[in-house]
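This report refers to the structure that appears directly beneath it.
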Amino acid sequence: MLNGETSQRQLGRRLAPLTPPGMLLFLEGELGAGKTTFSQGLALGLGFTDLVSSPTYALMQEYPTPQGRLLHVDAYRVRHPQELYEMDLERLVETARLSLIEWGESFYDDFPQAPVLRLEHVAGQPDVRQMLRVR
Ligand SMILES: Nc1ncnc2c1ncn2[C@@H]1O[C@H](COP(=O)(O)OP(=O)(O)OP(=O)(O)O)[C@@H](O)[C@H]1O
Ligand SMILES: [Mg+2]
């Protein structure tokens, strides 16, 4: 249970240093579930203190953390996976310190080793989220 934005960010912050270099994480959960908020925490955990915004309009964004690049992809508006492969997604993931893909269901089969984390609202508690590892 994650009570509020701050604890969501904290979880990301604690988790990031435990991830192996080159790891890809898929983040799922409905609009506003807090995927980007969690991503901000992961960035903080890699020592990157600038703002991590939602990459919805850019499709992907790269942040230079002291530990290497953090790749943040929002696949919400991607109609065909090819769009991202043409942007060299596979190489970017391989060379990044950590990669995060929001709304990446259509890539799950292509990256079978990547864990899938799901953020869910909790009924009646607007500031609480639950995080589950679904793969
Ligand atoms: N646990 C929480 N309780 C209340 N508000 C939260 C919580 N986590 C995030 N928020 C707020 O909800 C809004 C949406 O969060 P965020 O952008 O992280 O969601 P998202 O899952 O990335 O959404 P999208 O699918 O649109 O990319 C933000 O304004 C954020 O501050
Ligand atoms: Mg988001």
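The values are calculated or read from the model by the stated rules, or taken from the named source; none is laboratory data. Not measured: the values here are computed from a predicted model. Note: ideal-geometry Cβ built from the backbone for every residue, glycine included; neighbour counts use all protein chains shown.
Listed conditions (1) in contact (Cβ under 8 Å) with a residue 60 or more places away in the chain; (2) touching a strand residue (DSSP E or B) at 6+ places or on another chain (Cβ under 6 Å); (3) among the acidic types (Asp, Glu); (4) surrounded by fewer than 17 Cβ atoms within 10 Å (Cβ to Cβ) are all met by Asp127, apart from (2).
If the condition is being surrounded by 13 or more Cβ atoms within 10 Å (Cβ to Cβ) and within 12 Å of Gly45 (Cβ to Cβ), then region 15-24 contributes Leu15, Ala16, Thr19.
So which of Gln61, Gln40, Gln8 is touching a His at 6+ places or on another chain (Cβ under 6 Å) and either crowded, with 20+ Cβ neighbours inside 10 Å or under 12 Å from Ser99 (Cα atoms) (or both)? Talk me through it step by step, then tell me what you get.
On the way: Gln40 fails: touching a His at 6+ places or on another chain (Cβ under 6 Å); Gln8 fails: touching a His at 6+ places or on another chain (Cβ under 6 Å).
Result of the check over Gln61, Gln40, Gln8: Gln61.
Does any residue of region 79-89 turn out to be at pLDDT below 95 and either assigned to a strand (DSSP E or B) or within 16 Å of ligand 2 (Cβ to nearest atom) (or both)? No.
Among the residues of region 5-49, those identified as polar (S, T, N, Q) and within 13 Å of ligand 1 (Cβ to nearest atom) are Thr6, Ser7, Gln8, Gln10, Thr36, Thr37, Ser39, Gln40.
For every residue, the table says whether it meets (1) in contact (Cβ under 8 Å) with a residue 40 or more places away in the chain; (2) part of a strand (DSSP E or B); (3) under 14 Å from the mean Cα position of the chain (by Cα).
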| position | (1), (2), (3) |
| --- | --- |
| Glu30 | yes, no, yes |
| Leu42 | yes, no, yes |
| Gly47 | no, no, no |
| Val52 | no, no, yes |
| Glu62 | no, yes, yes |
| Leu71 | no, yes, yes |
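Just to verify a result, which residue in region 96-124, among those that are of a type in the set (A, V, I, L, M, F, W, C) and assigned to a loop (DSSP other than H, G, I, E, B), is surrounded by the fewest Cβ atoms within 10 Å (Cβ to Cβ)? Within region 96-124, the match that is surrounded by the fewest Cβ atoms within 10 Å (Cβ to Cβ) is Ala123.
Within region 125-135, which residues are not in a strand (DSSP E or B) and not basic (Lys, Arg)?
Residues of region 125-135 that are not in a strand (DSSP E or B), as a first pass: 134-135.
Residue satisfying the conditions is Val134 alone.
Give the residue that is surrounded by the most Cβ atoms within 10 Å (Cβ to Cβ), with candidates limited to residues of region 71-88 that are within 21 Å of Phe38 (Cβ to Cβ) and of a type in the set (A, V, I, L, M).
The first filter runs over region 71-88 and keeps only residues within 21 Å of Phe38 (Cβ to Cβ), leaving 71-78, 84.
With of a type in the set (A, V, I, L, M) added as a condition, the list becomes 71, 73, 75, 78, 84.
Numbers: Leu71: 21, Val73: 27, Ala75: 22, Val78: 19, Leu84: 21.
Filtering first and then ranking leaves Val73.
Filtering region 61-85 to residues that are of a type in the set (Ser, Thr, Tyr) and away from ligand 1 (no atom under 15 Å from the Cβ) leaves Tyr63, Thr65, Tyr85.
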